[in-house]
Amino acid sequence: MTSYKVLDVNDDLPIRTKGKVHSGKVRSVYWLTDADSKRLINEKGYNVPADTELAIMVISDRISAFDCIWQGENGLNGVPGKGIALNSVAAHWFNMFNEAGLAGNHIVDIPHPYVWIVRKASTVKVEAIARQYITGSMWRDYAKGERHFCGLQLPEGLKANQKLEHVLITPSTKGIIEGVADIPAVDDVNITRENITNNLDVFNFKSTDDVTKYEKLLVEGFELISSELAKLGQIFVDTKFEFGYVEDLNGVQQLIYIDEVGTPDSSRIWDEASYKNGKIVENSKEGFRQLLINNVPESDVLLNKDRMAEREQLAKDYILPESVMLEVSDTYVGIASKIIGKEIVIPNDPRQEVIAILDTDYGLIVN
């Protein structure tokens with residue numbers, strides 16, 4: 001496995017763009033020129049308005065946890081197969097959501113397992129979080145006596161990792177929300193439904209009905225994935241979805257799923273047989289997060305948002321053994337292969353494959 005090249009840098013591909021490349025923790029977004037967007041919509045027959053802005057979204061194999069990027073020894077600055085695993089799983093669920101009649105998504109084409117062509121969406125500024133079990137940060141706060149979460153009241157007597165009676169919607173802010181009295185101006189802070197409905201414009205919702213719609217799409221999507229994972233002996237514990245607006249062919253604004261859904265990065269997934277035996281076996285990034293918590297010199301640096309500068313320095317200095325990176329690879333590739341129903345094949349050189357396809361089949365490479 002060590003012979004594989006990981007795609008750890010994904011924001012320097014020679015793709016013709018307008019403006020700067022947006023480089024996120026895991027994905028980079030290349031906005032195409034208007035001429036290229038129009039050409040591809042016409043050539044490929046994409047089912048979007050002719051003036052839709054398109055972007056190439058390239059996923060990397062970098063691994064992010066606690067808002068930092070982590071590296072391995074021997075120059076292994078990513079997890080082999082992680083990018084293809086995430087994209088494959090998200091595309092699988094997006095397709096199932098479509099088939100079930102839930103809502104569309106932002107993907108218009110998949111040229112390569114590491115690449116999506118996406119349409120521009122007007123993003124709702126809410127991290128749409130759904131939980132079926134009490135674990136993680138919610139459990140830590142509950143154990144300290146907290147019973148109110150995002151406007152919801154939890155009963156007394158819950159135990160760690162217990163299944164909840166209903167799927168809970170516990171939203172948080174996407175980005176920093178400013179100018180709202182009862183919402184701190186920091187990223188990823190818990191909010192209530194009332195916070196959203198009282199500030200529709202701030203959160204980029206068009207109506208209160210759309211708040212209800214996002215909640216419906218969140219729960220329905222959660223339940224669909226949960227049902228499918230149960231067939232594979234896996235438990236869908238909690239997840240984060242994102243939503244945005246796009247215009248359909250009739251000029252009507254539609255609320256759709258964006259970013260990724262149901263992946264090992266955006267969700268907790270537990271092995272069901274182990275859970276029934278009283279043991280938690282993580283089949284998601286949460287396993288990597290727990291490994292860091294248990295192995296760094298001081299776990300509070302990872303958990304305390306007030307120590308972000310120390311955390312960033314720790315991530316730069318802390319080099320993970322290659323064996324750990326390959327274990328994480330096995331987790332991602334293993335669960336993804338189960339979900340999509342076929343073995344994930346890790347490319348030998350994803351970067352060169354991506355460049356070749358975007359050049360030959362899409363005419364987007366600047367030589």
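The values are calculated or read from the model by the stated rules, or taken from the named source; none is laboratory data. The model shown is predicted, which means the values in this text are computed figures rather than measured ones. Virtual Cβ from ideal backbone geometry, glycine too; neighbours counted across all protein chains shown. SASA here: full protein model, heavy atoms, side chains in, ligands and nucleic acids out. Shrake-Rupley method; radii C 1.70, N 1.55, O 1.52, S 1.80 Å.
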Candidates Glu286, Glu322 - the one that is among the charged types (D, E, K, R) and either out of contact with any strand residue (DSSP E or B) (no Cβ under 6 Å at 6 or more places or on another chain) or open to solvent by 30 Å² or more (accessible area, probe 1.4 Å) (or both): Glu322
Counted residues, the range 168-188 - those being open to solvent by 30 Å² or more (accessible area, probe 1.4 Å) and β-branched (Val, Ile, Thr): 3
Selection from the range 310-319 of residues that are open to solvent by less than 80 Å² (accessible area, probe 1.4 Å) and more than 24 Å from Asn283 (Cα to Cα): Arg311, Leu314
Test: residue in the range 107-125 that is of a type in the set (Asp, Glu) and over 15 Å from Phe241 (Cα atoms): yes
Sole exception among (1) open to solvent by 40 Å² or more (accessible area, probe 1.4 Å); (2) in contact with a Lys or Arg (Cβ under 6 Å, 6 or more places away or on another chain) for Asp238, by number: (1)
Residue pairs meeting the criteria (Cβ under 9 Å; at least 6 apart or on separate chains; first among the β-branched types (Val, Ile, Thr), in the range 134-154; second open to solvent by 70 Å² or more (accessible area, probe 1.4 Å) and modelled with pLDDT of 95 or more): Ile134/Lys159; Ile134/Lys163
Count of the range 201-219 residues which are open to solvent by 40 Å² or more (accessible area, probe 1.4 Å) and in contact with a helix residue (DSSP H, G or I) (Cβ under 8 Å, 6 or more places away or on another chain): 1
Asp182 part of a loop (DSSP other than H, G, I, E, B), of a type in the set (D, E, K, R) and over 17 Å from the mean Cα position of the chain (by Cα): yes
Residues of the range 59-107 satisfying the condition of being in a strand (DSSP E or B), open to solvent by less than 30 Å² (accessible area, probe 1.4 Å) and of a type in the set (Val, Ile, Thr): Ile59, Ile63
Per-region count, the range 220-235, residues open to solvent by 60 Å² or more (accessible area, probe 1.4 Å) and either modelled with pLDDT under 95 or of a type in the set (A, V, I, L, M, F, W, C) (or both): 1
Candidate set: the range 325-345, residues that are open to solvent by 20 Å² or more (accessible area, probe 1.4 Å) and not in a helix (DSSP H, G or I); chosen: the one farthest from Asn10 (Cα to Cα): Gly341
Total residues in the range 109-156, condition farther than 15 Å from Thr192 by Cβ, of a type outside the set (D, E, K, R), out of contact with any helix residue (DSSP H, G or I) (no Cβ under 8 Å at 6 or more places or on another chain) and in a strand (DSSP E or B): 4
Residue within the range 30-52 that is touching a strand residue (DSSP E or B) at 6+ places or on another chain (Cβ under 9 Å), within 27 Å of Phe288 (Cβ to Cβ), outside any loop (DSSP other than H, G, I, E, B) and not small (Gly, Ala, Ser) present: no
Complete set of residues in the range 24-38 that are crowded, with 16+ Cβ neighbours inside 10 Å, within 24 Å of the chain's Cα centre (by Cα) and not charged (D, E, K, R): Val26, Ser28, Val29, Tyr30, Trp31, Leu32
Answer residue from the range 122-139, given it is among the β-branched types (Val, Ile, Thr) and in contact with an Asp or Glu (Cβ under 9 Å, 6 or more places away or on another chain) and is most open to solvent (accessible area, probe 1.4 Å) among those: Thr123
Subset of the range 329-367 (residues that are closer than 15 Å to Val6 by Cβ and touching a Pro at 6+ places or on another chain (Cβ under 7 Å)): Ser329, Tyr332, Ile346, Glu353
